Structure formats: C-alpha cells, structure tokens
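The structure appears right after this line, and notes come after that.
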Amino acid sequence: MYKRIFVISLIGLFFIGSAGMAATTPELGRTLLESELTPLDTAILPNGQGLPRGSGSAVLGKPLYAVHCVSCHGVAGKNGLHDQLAGGVGSISGPQPVMTLGSYWPYATTVFDYVRRAMPYHFPGSLSDDQVYAITAYLLFLNGIVDESMVVNESSLPLVKMPNKENFFWQSFDQDMGP
Amino acid sequence: MSKQQTDSMAAADNGLLHRRFFLKAGALAGTALLTAQSSAENRPTWMKAPGKGMSEAGVPSRYENHVKRLPVSRPGTTGSGASRSPLEHLEGIITPSRLHFERHHSGIPEIDPEQHRLAVFGEVQRPLSFSAAGLCRYPLVSSIQFLECSGNSGALIAPSPVDASCSVLHGLVSGSEWSGVPLALLLEEAGVKPSGKWLIASGADAAGMSRSIPLSKIYDDAIVALYQNGERLRPGNGYPMRLFLPGWEGNASVKWLKTLQVTDQPAMTKDETSKYSDRGEDGRAELFTFEMGVKSLITSPSPGLDLAAKGLYQISGIAWSGAGRIKRVEVSTDAGRTWAEAHLDAEPMPKSLSRFRAAWRWQGAPAVLLSRATDEAGQVQPTRAVVMQGRAPGSFYHYNGIQAWQVDASGAVRNVYV
C-alpha cells in the first residue's frame with residue numbers, strides 16, 4: 001500500500017517536473033531566416049497565396065512549349081511520350097479516361113506550381129517565373145479554359161475556374177486537431 | 001507425423017490443416033536427427049580450406065542473386081518509376097533495406113547531409129531550421145511498420161487477370177523498422193498558430209515532390225525518419241531524412257524531406273490532385289484518401305514458385321492494415337468455399353506487416369488459394385468484386401481485394417479472378 005502511494009507520487013512529481021521545465025527536447029531548431037527560403041520552398045495554395053509576381057500569356061507560352069515541353073508532351077499537349085495535357089473532356093467516367101488539365105485537374109494554381117517545381121523534366125528550375133506563367137497560360141489555352149491573349153499572373157490565375165473542379169471532394173480532417 | 005494423424009488436424013476442405021499443425025509436428029521431428037559421419041575426403045570444397053576474409057558490409061550469397069527488385073522507369077528516364085520488392089522470395093515481416101520498394105518521380109538525389117536543412121515555417125510562431133545531425137540528437141522512436149504505395153496491386157483492376165508474379169502485381173509494399181523524431185516535437189518547438197490545419201511537405205529531389213498532410217495525422221504518429229532497419233536511410237528511401245506516416249499511402253511519406261510549411265488549407269499539389277485521387281464511376285473524385293485498407297497476400301505458393309509434387313506445403317503470406325493491427329487471417333484452398341484460420345507468427349503490431357502461415361497437404365488436384373485479413377477495427381478484406389464496385393475504369397489506387405492464386409494439376413500457379 002505504502003509502496004503504491006510512493007510510486008503514484010513519483011509519477012506525479014515527474015509530470016509536475018516536466019510541465020515546469022521549458023525544454024523537453026534538445027531544442028536544436030535554429031531560427032529560420034526569411035532569406036533562407038527559396039521561392040520553391042513556399043507552397044502555392046489554390047487561393048493564390050505563394051504565387052510570385054510575374055505574368056505570361058498563351059501567345060508567349062506557345063514558343064516556350066515548343067522548346068521545353070513538346071518532346072515529351074506532344075504537339076498541343078497530345079500524343080506525346082508522357083502525360084497528355086489537353087483534351088479528354090468528358091472521358092473521365094467513360095471506358096477510356098484521359099486525364100488532362102481540362103478534363104480532370106481541379107485547380108489552375110497547381111499547373112504553375114508543378115511546372116515551376118518539376119519541369120522541364122531534365123532541367124527543373126531553368127524557367128523564369130514569367131516563362132512558367134506563359135506556359136501555364138498556353139496549357140490552359142490548349143484546354144479551352146482561357147483565351148490566347150489572357151494575361152495570367154498572380155491575381156488572375158487563382159480566379160481561373162477549372163472545368164472538372166466540382167467533381168472533387170474530400171473528407172474533413174478537422175477532428176482531433178491539435179496535441 | 002503419419003498421414004492419418006495429419007488428417008485428424010483438418011481445418012477446412014481440400015487439404016488445409018489446423019493452424020498449429022507445424023508447431024505440433026516440430027515437437028515430434030526433433031527425435032529423428034541423423035548423426036552421419038563425414039570423412040576428410042568427402043568434405044565439400046568450402047570445407048577444405050579457410051573461407052574468405054571478413055568485410056565491412058555484407059552482401060547476400062551469390063546463389064541468391066535472383067532475389068532482386070524489378071525497376072521499371074518511364075520511357076526516356078532512369079529514375080521516374082518504381083522498383084518492386086521481390087515478395088515471393090522474402091520471409092518474415094522485415095524487408096531488407098536493399099530490397100525495399102521504391103517509387104521516384106525524378107530520380108534519387110545524392111544529398112550531402114551537411115548541406116541539407118529541414119525548414120519548418122508558415123503558420124508557426126518560430127520558423128525553424130534543422131540539420132540532420134541535430135535531429136539525430138532528439139529522442140527517437142522506433143516502430144516496425146509497413147509502407148505501401150497506393151498504386152500497389154493496381155494491375156488487379158484489369159478486366160482479365162494479368163499473368164504476372166506476386167512481386168510484379170503487389171511488390172509496392174515493404175516492411176521496415178523506422179526510427180525517427182516524432183514530428184509533433186518539432187512542431188511544438190515551432191509553435192503552431194491556431195490557424196494551422198495542414199502541413200505541406202516537400203522533398204529535395206529534382207521534382208520537389210510535395211504533398212499536403214492534415215495536422216491531425218502529424219500529432220497522431222508522424223515521424224521524421226532518419227534510420228531504416230538500424231542504419232541511416234538509404235538514398236532511395238529518402239537519405240538523410242524522410243517523412244514517415246504510418247499506415248498511409250506511401251506517396252505522402254515525402255522522401256528527402258526539405259520543407260514543412262504549416263498552412264490553413266491543402267496546397268492541392270499535382271500528385272495529390274491529378275494522380276493520387278480515387279475516381280468513381282459517377283465521375284466524382286475523392287482526394288486525400290490516405291489510409292491503406294486491410295489487405296493480405298499469399299507470397300508462397302505464388303506464380304513462379306510452382307509446386308513440384310503433391311505433399312505437405314506451408315502457405316506463407318503477409319497481412320497489414322493502415323487502421324492498426326491485424327486481428328486474423330483466414331486461408332482457403334478451394335476458392336473460398338471453406339476457410340481455415342491461419343497461424344500468425346507473432347503478436348501483430350499496429351500498421352505493420354504480419355506474417356501468416358497455414359499447413360496444406362496438396363493432393364495434386366487443381367486448387368485456388370485465397371487469404372482474407374481482418375483488422376482490429378473489424379474491417380474485413382473485401383473481394384475483388386466489392387473493391388471494383390463504383391470505380392471508374394482505370395481508377396487503380398487503393399486496391400486491397402482478396403488475391404486468388406490458381407494451382408493447376410501440374411502444380412503451376414497463376415493469378416486468377418474468382
């Protein structure tokens with residue numbers, strides 16, 4: 001009996017102790033300076049948060065696509081060796097789904113984020129933000145989502161409505177939030 | 001043990017024996033060991049002279065060179081694709097690190113740990129930067145857990161069964177002991193603001209692969225993994241550090257972890273929208289279906305491991321669930337007409353592979369082998385027909401249907417649908 005009381009008090013002391021101490025970890029995180037983050041490190045959200053300044057249109061994007069993208073993705077985003085980027089509208093629930101920006105992708109901001117992040121495949125990071133905006137505009141134009149002359153920039157891109165967006169849904173993860 | 005004795009241990013039809021059959025048999029077998037003499041001239045070559053010297057790191061026997069991964073990369077690339085684990089040649093629940101499956105989106109970066117930093121920022125009080133050496137000083141936790149690509153077993157949606165091996169069909173799952181820092185500790189240091197709901201994780205590969213993770217998972221059991229099976233992560237699995245989200249689809253456990261940005265919403269990255277989303281036949285698509293379903297798989301016998309002659313065999317396989325522990329695995333050798341409970345090697349661990357075994361006397365007639373897992377949440381592994389219900393054509397992620405292996409009269413094994 002006394003032993004049990006002793007053990008319980010020890011446990012109590014441990015928790016009181018740990019609550020009172022500042023550091024329960026080595027605290028080896030060093031303050032991160034704003035200047036240490038590259039533009040790529042910041043996620044681009046569907047509301048446009050994280051988009052850099054810059055702009056481009058499909059007219060400007062077409063020749064860039066011909067240089068940097070066509071060898072993998074084909075003329076006008078079709079019949080390439082890799083992912084088809086245009087067309088396929090209405091095919092998603094049919095027997096031969098073709099998942100493209102126009103037929104499937106829910107957010108236009110994703111196009112900018114991914115092209116800047118990972119493309120061109122062999123030289124990621126080699127395009128300027130203006131060039132990425134222009135290629136984004138051209139890909140949206142190929143899918144009939146924007147017209148050829150529309151200026152795509154940090155303000156207009158988040159407003160572009162993707163045709164298949166309404167078909168996406170997800171469960172809420174809001175329960176049990178927080179330690 | 002005589003055949004008469006074994007027949008008394010029948011657990012289901014078509015030769016399936018009680019799950020404790022091999023345990024009982026072992027007790028009798030011990031008395032019959034041979035003590036044959038070996039004269040000097042009868043020594044095998046490797047006993048006639050001292051063997052090779054020691055080495056700093058071991059390699060498998062050269063007679064095991066056939067046990068290897070199957071890397072397949074997209075055309076024009078060498079590092080955008082997957083290497084599948086040779087499941088049918090492995091036992092237990094730990095996949096050797098050199099054979100752990102890999103899935104890359106732009107090759108394997110060769111990262112200098114001295115130059116690599118993990119940045120934690122966004123909706124936090126104190127943006128922080130961590131080095132790998134620093135993280136190694138934190139209190140680490142270790143767990144034996146599975147990692148499965150959500151595209152694993154995707155070939156099983158094909159209208160007719162693909163004639164392929166167990167590893168080609170299902171090799172995007174592996175098991176390891178993962179050791180790392182609970183990510184909640186790092187977020188605690190950074191101080192998440194009330195607005196923080198999601199974490200955007202990105203990697204230091206050429207694709208800057210990125211995924212959005214709800215913070216509830218981070219506080220539950222996410223770690224920044226530094227070690228795999230006792231050694232530092234290998235480059236193909238994220239050296240010097242990776243996110244590890246137990247039980248969740250592999251793609252979300254971002255390798256070569258470089259940034260963790262706390263946000264109030266998901267980033268809707270390319271992978272989590274255009275790729276790892278589940279399409280229904282109604283045209284709707286579900287995002288963020290992270291948890292891997294309850295699943296099992298007979299790894300032996302399986303295609304390529306054909307039965308040589310009728311007789312006693314051990315059916316061996318793996319079972320796992322993203323919801324927690326495996327509670328039970330049942331096995332059938334008559335296409336699901338009758339089932340017997342399989343033996344589980346050890347007390348199942350949560351979100352880990354569990355090895356199951358069953359004794360089977362194959363009488364030489366055609367048979368269809370199935371396994372069916374149940375997890376501690378009460379979920380039962382579904383049939384292929386149930387998994388396919390409501391799926392759009394080509395929607396292949398999160399396939400966890402019961403696998404059927406047909407054994408024909410010659411002992412050859414192949415993938416079939418039942």
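The values are calculated or read from the model by the stated rules, or taken from the named source; none is laboratory data. Remember, it's a predicted structure, so these values are computed and weren't measured experimentally. As a convention, Cβ positions derive from the backbone with ideal geometry for all residues, glycine included, and neighbour counts pool all protein chains shown.
Among the residues of the range B:107-116, are any of a type in the set (A, V, I, L, M) and either surrounded by 23 or more Cβ atoms within 10 Å (Cβ to Cβ) or within 24 Å of A:GLN171 (Cα to Cα) (or both)?
Start the filter on the range B:107-116 by keeping residues that are of a type in the set (A, V, I, L, M), which leaves B:108, B:111.
If we keep only those that are either surrounded by 23 or more Cβ atoms within 10 Å (Cβ to Cβ) or within 24 Å of A:GLN171 (Cα to Cα) (or both) too, we end up with none.
Looking for residues that are of a type in the set (A, V, I, L, M) and either surrounded by 23 or more Cβ atoms within 10 Å (Cβ to Cβ) or within 24 Å of A:GLN171 (Cα to Cα) (or both), one finds none in the range B:107-116, hence no.
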For the range B:265-302, enumerate the residues that are in a strand (DSSP E or B) and touching a helix residue (DSSP H, G or I) at 6+ places or on another chain (Cβ under 7 Å). B:ALA285, B:LEU297, B:THR299, B:SER300
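Counting just the residues of the range A:152-169 that are part of a loop (DSSP other than H, G, I, E, B) and not acidic (Asp, Glu), which one comes out farthest from A:GLY90 (Cα to Cα)? Talk me through it step by step, then tell me what you get.
Residues of the range A:152-169 that are part of a loop (DSSP other than H, G, I, E, B), as a first pass: A:154-156, A:160, A:162-164.
Checking which are not acidic (Asp, Glu) leaves us with A:155-156, A:160, A:162-164.
Details: A:SER155: 29, A:SER156: 26, A:VAL160: 19, A:MET162: 13, A:PRO163: 10, A:ASN164: 9 Å.
For the range A:152-169, the residue satisfying everything is A:SER155.
Residues checked against (1) crowded, with 18+ Cβ neighbours inside 10 Å; (2) of a type outside the set (A, V, I, L, M):
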position	(1), (2)
B:TRP339	yes, yes
B:ARG357	yes, yes
B:GLY364	no, yes
B:LEU370	yes, no
B:ALA373	yes, no
B:VAL386	no, no
B:ASN400	yes, yes
B:ALA404	yes, no
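Of everything in the range A:62-102, what is small (Gly, Ala, Ser), touching a residue at least 24 places away in the same chain (Cβ under 8 Å) and within 19 Å of A:ALA118 (Cα to Cα)? Give them in sequence order.
As a first pass, look at the range A:62-102 and keep what is small (Gly, Ala, Ser): A:66, A:71, A:74, A:76-77, A:80, A:86-88, A:90-91, A:93-94, A:102.
Of the ones still in play, those that are also touching a residue at least 24 places away in the same chain (Cβ under 8 Å) are A:76-77, A:86-87, A:102.
Result: A:GLY77, A:ALA86.
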Which numbered condition in (1) touching a Leu at 6+ places or on another chain (Cβ under 6 Å); (2) at the interface with chain B (Cβ under 10 Å from one of its Cβ atoms); (3) in a loop (DSSP other than H, G, I, E, B) is the only one that A:VAL146 fails? (2)
Filter the range A:24-37 down to the residues that are at pLDDT below 90 and more than 7 Å from every other protein chain (Cβ to nearest Cβ), then identify the one that is nearest to B:ALA201 (Cα to Cα). A:GLU34
Does the range A:26-42 hold any residues that are part of a loop (DSSP other than H, G, I, E, B) and farther than 30 Å from A:PHE112 by Cβ, and which are they? A:PRO26, A:GLU27, A:LEU28, A:GLY29
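Going by the conditions given, is B:ALA222 within 22 Å of B:HIS105 (Cβ to Cβ), at the interface with another protein chain (Cβ under 10 Å from one of its Cβ atoms) and surrounded by 24 or more Cβ atoms within 10 Å (Cβ to Cβ)?
no
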The helices (runs of 4 or more DSSP H) lying wholly within the range A:43-136 that contain at least 3 residues that are surrounded by fewer than 17 Cβ atoms within 10 Å (Cβ to Cβ) are A:58-68
Scanning the range B:247-264 residue by residue, those within 7 Å of chain A (Cβ to nearest Cβ) and assigned to a helix (DSSP H, G or I) turn out to be none
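Test of understanding: among B:ALA155, B:ALA119, which residue is surrounded by fewer than 18 Cβ atoms within 10 Å (Cβ to Cβ) and aliphatic (A, V, I, L, M)? Steps first, please.
On the way: B:ALA119 fails: surrounded by fewer than 18 Cβ atoms within 10 Å (Cβ to Cβ).
Exactly one residue qualifies, and that residue is B:ALA155.
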So A:MET177 passes all but one of these: (1) loosely packed, with under 14 Cβ neighbours inside 10 Å; (2) at the interface with chain B (Cβ under 8 Å from one of its Cβ atoms); (3) modelled with pLDDT under 95. Which condition number does it fail? (1)
Could you please find all residues in the range B:188-243 being in a helix (DSSP H, G or I) and under 27 Å from A:GLN171 (Cα atoms)? B:GLU188, B:LEU215, B:SER216, B:LYS217, B:ILE218, B:TYR219, B:ASP220, B:ASP221
Could you tell me how many of the residues in the range B:239-276 are β-branched (Val, Ile, Thr) and surrounded by fewer than 23 Cβ atoms within 10 Å (Cβ to Cβ)? 1
May I ask you to say which residue of B:GLU347, B:GLU330, B:GLU341, B:GLU286 is among the charged types (D, E, K, R), touching a residue at least 24 places away in the same chain (Cβ under 8 Å) and farther than 20 Å from B:LEU87 by Cα? B:GLU341
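Scan B:SER216, B:SER212, B:SER277 and give me the residue that is among the hydroxyl-bearing types (Ser, Thr, Tyr), free of Cβ contacts under 8 Å to residues at least 24 places away in the same chain and within 9 Å of another protein chain (Cβ to nearest Cβ).
B:SER216
Restricting the search to the range B:282-300, which residues are more than 7 Å from every other protein chain (Cβ to nearest Cβ) and crowded, with 20+ Cβ neighbours inside 10 Å?
If we filter the range B:282-300 for residues that are more than 7 Å from every other protein chain (Cβ to nearest Cβ), which is where we start, we get B:289-300.
The answer is B:PHE290, B:MET292, B:GLY293, B:VAL294, B:LYS295, B:SER296, B:LEU297, B:ILE298, B:THR299, B:SER300.
From the set of residues in the range B:316-334 that are of a type outside the set (Ser, Thr, Tyr) and under 13 Å from B:GLY15 (Cα atoms), which is surrounded by the fewest Cβ atoms within 10 Å (Cβ to Cβ)?
Taking the range B:316-334 and keeping what is of a type outside the set (Ser, Thr, Tyr), we get B:317-320, B:322-331, B:334.
Checking which are under 13 Å from B:GLY15 (Cα atoms) leaves us with B:331, B:334.
Working: B:VAL331: 26, B:ASP334: 18.
Step by step, filter the range B:316-334, then rank; the result is B:ASP334.
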Residue under question is A:SER172, and the condition is that it be over 23 Å from A:CYS72 (Cβ atoms) and either assigned to a loop (DSSP other than H, G, I, E, B) or within 13 Å of chain B (Cβ to nearest Cβ) (or both); does it hold? yes
From the list B:GLY364, B:GLY390, which residue is in contact (Cβ under 8 Å) with a residue 60 or more places away in the chain and farther than 18 Å from B:ALA319 by Cα? B:GLY390
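Restricting the range B:90-145 to residues that are assigned to a loop (DSSP other than H, G, I, E, B) and among the charged types (D, E, K, R), which is farthest from the other protein chains (Cβ to nearest Cβ)? Don't jump to the end; show me each part of the working.
Pass one, the range B:90-145, residues assigned to a loop (DSSP other than H, G, I, E, B): B:90-96, B:100-101, B:105-116, B:123, B:125-127, B:136-140.
With among the charged types (D, E, K, R) added as a condition, the list becomes B:91, B:110, B:112, B:114, B:123, B:126, B:137.
On the way: B:GLU91: 37, B:GLU110: 16, B:ASP112: 17, B:GLU114: 14, B:GLU123: 11, B:ARG126: 7, B:ARG137: 5 Å.
Top of the filtered list is B:GLU91.
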Residues that are charged (D, E, K, R), closer than 16 Å to A:THR42 by Cβ and over 11 Å from the mean Cα position of the chain (by Cα), drawn from the range A:103-142: A:ASP129
Which numbered condition in (1) at the interface with another protein chain (Cβ under 7 Å from one of its Cβ atoms); (2) out of contact with any strand residue (DSSP E or B) (no Cβ under 7 Å at 6 or more places or on another chain); (3) within 23 Å of B:GLY390 (Cβ to Cβ) is the only one that B:LYS270 fails? (3)
